[in-house]
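Step one of this worksheet: look at the structure below.
The values are calculated or read from the model by the stated rules, or taken from the named source; none is laboratory data. Being a predicted model, the structure only gives us computed values, none of them experimental. Cβ: placed from backbone, ideal geometry, glycine included. Neighbour counts: every protein chain shown.
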Amino acid sequence: MRIVVSGGGTGGHIYPALALINQLKKRHLADAVLYVGTEAGLESRIVPANGIDFATIKVQGFKRSLTLENFKTITEFIKSVGDAKRLLKAFKPDVVIGTGGYVSGATVYAASRLHIPTVIHEQNSVAGVTNKFLSHFVTKIAIAFPEVATTFPAKKVVLTGNPRAQEVADLTRNQRLADYGLNPVAPTLLIFGGSRGAPKMNQAALDAIPELAQANIQTLFVTGRRHFDALHSAHPTMPAGIVMVPYIDDMPSILPDISLIVGRSGATSLAELTALGIPSILIPSPNVTGNHQMINAQSLANAGAAIVIPETELTADFGRQVVALMQDGPRLAAMAQNAKRLGVKDAADQLIDVLQAAIKESPHG
Ligand SMILES: CC(=O)N[C@H]1[C@@H](OP(=O)(O)OP(=O)(O)OC[C@H]2O[C@@H](n3ccc(=O)[nH]c3=O)[C@H](O)[C@@H]2O)O[C@H](CO)[C@@H](O)[C@@H]1O
């Protein structure tokens, strides 16, 4: 199939799109692929680095209330849709999929106006603004959490899971922690605040470091690119066994060697850690639509796969809590098993089925 994929802004929208493309390629179903993103989003670095054709359009986000700014945004949106239409007319895709972010709003909407079959993938337990808007125009809607189904027109919805889960599901330990100067066989804690990093999370990590060091807990602390320089100047050296880095370019290479994750509860991260069966302590971001990170996290906590700590309830005891769990082998093993039960190991194949159904359903398909 000829496919246009669009999703951007943040890793949580980009990595599922890349996982889908990889699986299409693996199954020799990708005759031609074009990724449409923005220059400003993380996708402009990540997508070309993965050897995928990348085109950009300019988009601006909507404010949630009606402001003068939104009038400008609407004009911008109409312009973005025009730009997207030009790209689509030239590329002639059989199907267009949006994985979230404003850029997917313009691209998928443009496709629907051109009567090209369209699919959106909603990673979260609460729908984002873009996907809510697009749900009225698209052919099919793929979801990863059953809770979100009722937000969308029922006959379009298919539960597929997150394709990134399939990409990592069969990975096994490969001792790549050595690339970061860590002992590749020691139990390891990974701390990261989603794809962009989170200052509150970084602070909690810094506060916990003396305790982690004292307990000899090997730790990989990922700050997020834009926070690294300031943190590194303030803390130029870390205790032995603790490594601070800005970003992990190839997360799947290290995840199988991680014993515990302390992180935000972005949907794509959760898809990865359930597919692999990694226990976690989740501190949901409170700054997201419909508090969806809390709902994402609770679905893992309810299954005994994760411990949830609301950001407002982080205390000076946090470091001790993390150390205690890292030292509790049986509990970690039970949480790992419970996490693995939630993983959807064929999510990319299920999403490909949805793409094929969308193409078939279209009068031009
Ligand atoms: C603040 C915000 O709006 N966050 C949203 C964003 O999160 P965010 O972009 O943080 O997304 P997720 O936590 O879902 O996924 C992060 C992705 O980035 C990867 N990664 C992360 C760090 C790193 O150093 N290297 C790396 O490759 C992870 O392995 C994962 O694949 O999109 C998610 C998916 O729609 C939402 O659920 C989140 O609520």
Members of the range 263-315 that are in a helix (DSSP H, G or I) and closer than 22 Å to Ala208 by Cβ: Ser269, Leu270, Leu273, Gln293, Met294, Ala297, Leu300, Ala301, Glu311, Thr312, Glu313
Residue list for the range 4-44, restricted to those being of a type in the set (Ser, Thr, Tyr), surrounded by 20 or more Cβ atoms within 10 Å (Cβ to Cβ) and within 9 Å of the ligand (Cβ to nearest atom): Tyr15
Sole residue being surrounded by fewer than 17 Cβ atoms within 10 Å (Cβ to Cβ) and over 23 Å from Pro163 (Cβ atoms), chosen from Ala333, Ala303: Ala333
Qualifying positions in the range 114-147 - in a helix (DSSP H, G or I) and surrounded by 24 or more Cβ atoms within 10 Å (Cβ to Cβ): Thr130, Asn131, Leu134
Number of the exception - Ala234 against (1) away from the ligand (no atom under 13 Å from the Cβ); (2) touching a helix residue (DSSP H, G or I) at 6+ places or on another chain (Cβ under 8 Å): (2)
The one condition in (1) touching a residue at least 60 places away in the same chain (Cβ under 8 Å); (2) more than 17 Å from the chain's Cα centre (by Cα) that Val308 fails to fulfil: (1)
Flag if Leu212 is in the same structural domain as Ala305 (by the TED database), aliphatic (A, V, I, L, M) and in a loop (DSSP other than H, G, I, E, B): no
Given (1) under 28 Å from Leu20 (Cβ atoms); (2) β-branched (Val, Ile, Thr); (3) within 16 Å of the ligand (Cβ to nearest atom); (4) touching a residue at least 24 places away in the same chain (Cβ under 8 Å), number of the condition Ile141 does not satisfy: (4)
Test: Gly319 is more than 15 Å from the ligand (Cβ to nearest atom) and touching a residue at least 40 places away in the same chain (Cβ under 8 Å): yes
Leading residue by the ranking (farthest from the ligand (Cβ to nearest atom)) among those in the range 242-262 that are assigned to a loop (DSSP other than H, G, I, E, B) and either in contact with a helix residue (DSSP H, G or I) (Cβ under 7 Å, 6 or more places away or on another chain) or among the aliphatic types (A, V, I, L, M) (or both): Ser259
